[in-house]
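Scroll down for the structure; my scribbles are underneath it.
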Ligand code: TEU
Ligand code: CA
């Protein structure tokens, strides 16, 4: 596989993420499963999607909903069997799409046989497969303060767990049931690459790689700066760490080097900078097709994800614009508002009350016409919203529940304000069951779902939107078709317009003589942006009355293109 070359099909692809627990339950046990996905493949195909990214379906104790894997080569019984997965791969291909699997190899489950063996003793074949460290000198292992350093884990508490059998701690950047693999051990890398090859041989088309820029840790394991949680920030020691490029280059060679054809690779990379991303995805020397960056989805975090601060349109434009600019010459962007870890964008940066349809479609228009590969998270295409759970019992996510416990019981914060933070920022906002119909359990399952459905499924569902030309779903279909049919969207340059306008998101895409001007009002006000749109006509809009007026209604979005016959110099935005 070469990242360079003319057949870069993934640049024009649109990706749809399926979170299997919450997509569709076929066998009536309340949990989404592989046959449920097969049942609904026509929905995904009819959207115009090219690639499905399937979140983990491997065997797992589900401490973190499958991101804690105890067997990389088998399917968890709650989702079905390996034969079911083969059937899904075949059905996806038969529908003209591709399938990529989640690759979670920064860590395994503590129930993985590799870890079970590693934890037994300091000697042995797998003794070095995880990251083991002695207690701090002069302390007694297992007691507070004896941890090898001050790092906290992503899901609250220390990043170290004591194992008496070895008289050592192991590192877990996520839950204590997710021990970090030791990538510095060559046998670990070989085992992972072997497993990846087996999946490619089974017929999948690539991987989404979980926290893949965390795999290489600085061996000093230095204390980190103290955060409001009271723990140290280990980030500088492992975010895009010392050998990450070498390890990913080795992976690329071992898994794809001997293959013809181009596979899809996207690395999830919290904390990655645009400059680093350009190196990871460089056409020539890069190791991945694209990365998921986190900058824009952290703009509304103050001291941390549970500490909200308002974000303005200007901030979002500055951030996404910088990513467009830095990856303009080499490298490639991925484009997302949502995934299984993020609150729903129509609730977060749209207006899910008065302007639900308008804001969902305006946000889609803006993002999906940037340069890069767009990702749609299940339910985004119908404008699914955050969920207003009134009780902590309704939440399921380990990050959410651990935070609640810590905030209320250790930090002593009032439970009502902690609940407000959960309602705003919890990952469970993304994980409520997919809303197929207005019927019981939103048509997701005939049994009681593993987590509550959003009450708004009575009016907000796929069935209600499928045949309605003015629905969010129909708009997504038009937007995706437009993207596929318009080369300037894929290959054109990107230039931000009106960077200082606090309401309007506007930009120009250009390829040869063709160009697009995208103008979207991301506010509840009526606004008149100062753009010269002479010689251009509206080719797409989310607004019922197709006005040629300069004034934009709240959340109105328009895509302009040169009128037929208009000279190529006659129209430009007044930006320069
Ligand atoms: O997420 C990586 C990650 O950094 C998240 O912990 C993120 O910061 C957090 O969800 C924001 O609230 C990946 C997966 O997408 C996530 O579901 C897993 O829990 C995590 O890795 C561990 O595998
Ligand atoms: Ca099921």
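The values are calculated or read from the model by the stated rules, or taken from the named source; none is laboratory data. Since the model is a prediction, treat every value here as computed from it, not as a measurement. When we count neighbours, we look across all protein chains shown, and the Cβ atoms used for this are built from the backbone with ideal geometry, even at glycine.
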Residue list for the stretch 329-381, filter: closer than 12 Å to residue 16 by Cα and either assigned to a helix (DSSP H, G or I) or without any contact (Cβ under 8 Å) to a residue 40 or more places away in the chain (or both): 380, 381
Filter pass, residue 117 being surrounded by fewer than 19 Cβ atoms within 10 Å (Cβ to Cβ), within 16 Å of ligand 1 (Cβ to nearest atom) and either in a loop (DSSP other than H, G, I, E, B) or modelled with pLDDT of 95 or more (or both): no
Single condition residue 51 does not satisfy, out of (1) surrounded by 18 or more Cβ atoms within 10 Å (Cβ to Cβ); (2) in contact with a strand residue (DSSP E or B) (Cβ under 6 Å, 6 or more places away or on another chain); (3) under 24 Å from residue 179 (Cβ atoms): (3)
Among (1) farther than 19 Å from residue 462 by Cβ; (2) crowded, with 22+ Cβ neighbours inside 10 Å; (3) within 16 Å of ligand 1 (Cβ to nearest atom), the one test that residue 17 misses: (1)
Condition met for residue 80 (in contact with a helix residue (DSSP H, G or I) (Cβ under 8 Å, 6 or more places away or on another chain), more than 13 Å from ligand 2 (Cβ to nearest atom), in a loop (DSSP other than H, G, I, E, B) and farther than 22 Å from residue 174 by Cβ): no
Residue count for the stretch 282-318, restricted to those that are farther than 28 Å from residue 403 by Cα and within 17 Å of the chain's Cα centre (by Cα): 3
Checklist (1) at positive phi; (2) within 16 Å of ligand 1 (Cβ to nearest atom) applied to residue 30, failing item: (2)
Residue within the stretch 142-152 that is over 18 Å from residue 230 (Cβ atoms) and either modelled with pLDDT of 95 or more or assigned to a loop (DSSP other than H, G, I, E, B) (or both) present: yes
Candidate set from the stretch 303-328 (those that are out of contact with any helix residue (DSSP H, G or I) (no Cβ under 7 Å at 6 or more places or on another chain) and in a loop (DSSP other than H, G, I, E, B)); member that is surrounded by the fewest Cβ atoms within 10 Å (Cβ to Cβ): 310
Whichever residue in the stretch 87-107 is out of contact with any helix residue (DSSP H, G or I) (no Cβ under 6 Å at 6 or more places or on another chain) and part of a loop (DSSP other than H, G, I, E, B) and, among such residues, is surrounded by the fewest Cβ atoms within 10 Å (Cβ to Cβ): 96
The stretch 58-73, residues that are in contact with a helix residue (DSSP H, G or I) (Cβ under 6 Å, 6 or more places away or on another chain) and either assigned to a strand (DSSP E or B) or away from ligand 1 (no atom under 14 Å from the Cβ) (or both): 72
Qualifying residue in the stretch 29-46 (condition: in contact with a helix residue (DSSP H, G or I) (Cβ under 7 Å, 6 or more places away or on another chain), closer than 15 Å to residue 97 by Cβ, in a helix (DSSP H, G or I) and within 16 Å of ligand 2 (Cβ to nearest atom)): yes
